[in-house]
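Student: Here's a structure for you.
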Amino acid sequence: MKIAWGITGAGHLLLDSVELLEKISKNHNVTVLLSAAGEEVLKMYGLYERVEMITGGYYNELVKENDQKFSFPITGRFSLGKYDLLIVSPTTSNTIGKIANGIADSLLTNAVAQAGKGKVKTVIVPVDLESGDLETVLPSKLELDLCQRCEVCEAAAACPGNAITPGIEIDLLKCQGCGACAVACPFSAISAGRLITIYMREIDIANTAKLYEFEDLEVIEHPSMLKDHLNL
Ligand SMILES: Cc1cc2nc3c(=O)[nH]c(=O)nc-3n(C[C@H](O)[C@H](O)[C@H](O)COP(=O)(O)O)c2cc1C
């Protein structure tokens, strides 16, 4: 199958999505489409290189929003019916809100709009599905209550991206998610993958609900449910 897989800037369900993407890339042609935030967030969680590794070649491209101009010509492939399936996983509240309201002004919202026009089946895994609290995972974080403000910060010295301001914070836009800081800090003041609880906003749930009315578009709860579509 020729599959396009979109990744937006959500930390939630990101690892599950990348793991499944790696699996399906062994048996299918997969073009990966990265929103600008998707690219940043993949790096923060240390997953960018894993996605880069499985791409390369015609219909196996890594398409980055940042390399595109405003009309996203690559998404013409969908209106021409060149793909069998478009998957967007994970899908941020932002991208869901735009799709639900017919907006197409980014790489992934254009992909979904053009897939609709080309009758390409689309499967969306939203981060906001049901009201209430949701447990999600953070990227690397400097825990100030554990930081001893050492004269020489070993975590900062170990960081290849120079992302740590000792005693203050990690600049996530410089962080590569490698985890070297967490290993180097003798006081375990860097957490990686800490779970936090966030509250799902009603507006985001309502936007997701609108997608159930779209033709040729299916909303599923978790990337693992994609296995049914992909004969895994
Ligand atoms: C570390 C990190 C994790 C994020 N996780 C989520 C998330 O799980 N869900 C979400 O809706 N937005 C999340 N965001 C915010 C989005 O990246 C942001 O809204 C972005 O503008 C979305 O753009 P996109 O929809 O084009 O990818 C996260 C941001 C950061 C920095």
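Taken together, the values in this text are just the output of simple stated rules run on the coordinates, not laboratory data. Because the structure is predicted, anything quoted here is derived from the model rather than measured. So basically every Cβ, Gly included, is an ideal-geometry build from the backbone, and we count neighbours across all protein chains shown.
Student: Taking the radius of gyration and the Kirkwood hydrodynamic radius from Cα positions alone, what is the Rg/Rh ratio for the range 175-232, to two decimal places?
Tutor: Using Cα coordinates only, the ratio equals 1.20.
Student: What does the highest-first list of 35-47, 205-217 look like by mean Cβ count within 10 Å?
Tutor: Going from most to least packed, we get 35-47, 205-217.
Student: Sequence-distant or interchain residues sharing an amide H contact under 5 Å with Ser140, placed H: which?
Tutor: Amide H to amide H, under 5 Å and 5 or more residues apart or across chains, Ser140 pairs with Gly193.
Student: Calculated from DSSP H runs of 4 or more alone, at -39500 (n - 2.57) each and per residue, what is the 222 nm mean residue ellipticity of the chain, nearest 500?
Tutor: -8000 deg cm²/dmol
Student: Determine, from the Cβ-Cβ distance of Lys117 and Met53 and an R0 of 30 Å, the FRET efficiency 1/(1 + (r/R0)^6), rounded to the nearest 0.05.
Tutor: Using R0 = 30 Å, I get an efficiency of 0.40.
Student: Under a plain spin-label model, where a point goes 7 Å from the Cα along Cα-to-Cβ, how far apart in nm are Glu218 and Asn60?
Tutor: Inter-label distance under the simple model: 2.6 nm.
Student: Determine which lysines satisfy two conditions relative to Lys121: a Cα distance under 27 Å, and not lying fewer than 8 residues away in the same chain.
Tutor: Within the straight-line cut-off, Lys121 pairs with Lys2, Lys23, Lys26, Lys64, Lys69, Lys82, Lys98, Lys210, Lys227.
Student: Same structure again: Sort the following peptides by mean Cβ neighbour count (other Cβ atoms within 10 Å, averaged over residues), highest first: 96-102, 143-149, 71-77.
Tutor: Top of the packing list down: 96-102, 71-77, 143-149.
Student: Report, largest value first, the span of the C-alpha coordinates of the chain along each principal axis, in whole Å.
Tutor: Extents along the principal axes: 61, 41, 36 Å.
Student: Please list, in chain and number order, the residues 5+ apart from Val219 or on another chain whose amide H is under 5 Å from its amide H, with Hs placed from the backbone.
Tutor: So Val219 has HN proximity to Ile124.
Student: Spin-label point model (7 Å from Cα, Cβ direction): what's the Met1 to Arg201 distance in nm?
Tutor: 3.3 nm
Student: Which cross-chain or sequence-distant (5 or more) residues have an amide H under 5 Å from the amide H of Lys121, H modelled 1.01 Å from N in plane?
Tutor: Under 5 Å from the amide H of Lys121: Leu86.
Student: Counting only the backbone N, which residues of the range 152-185 are under 17 Å from the spot 7 Å out from the Cα of Leu144 toward its beta-carbon?
Tutor: Within reach of a label on Leu144: 164-172.
Student: Related question: Full-extension gain between Thr136 and Glu151, please, as 0.36 nm times their residue separation minus the C-alpha to C-alpha distance.
Tutor: Value of the extension gain: 2.1 nm.
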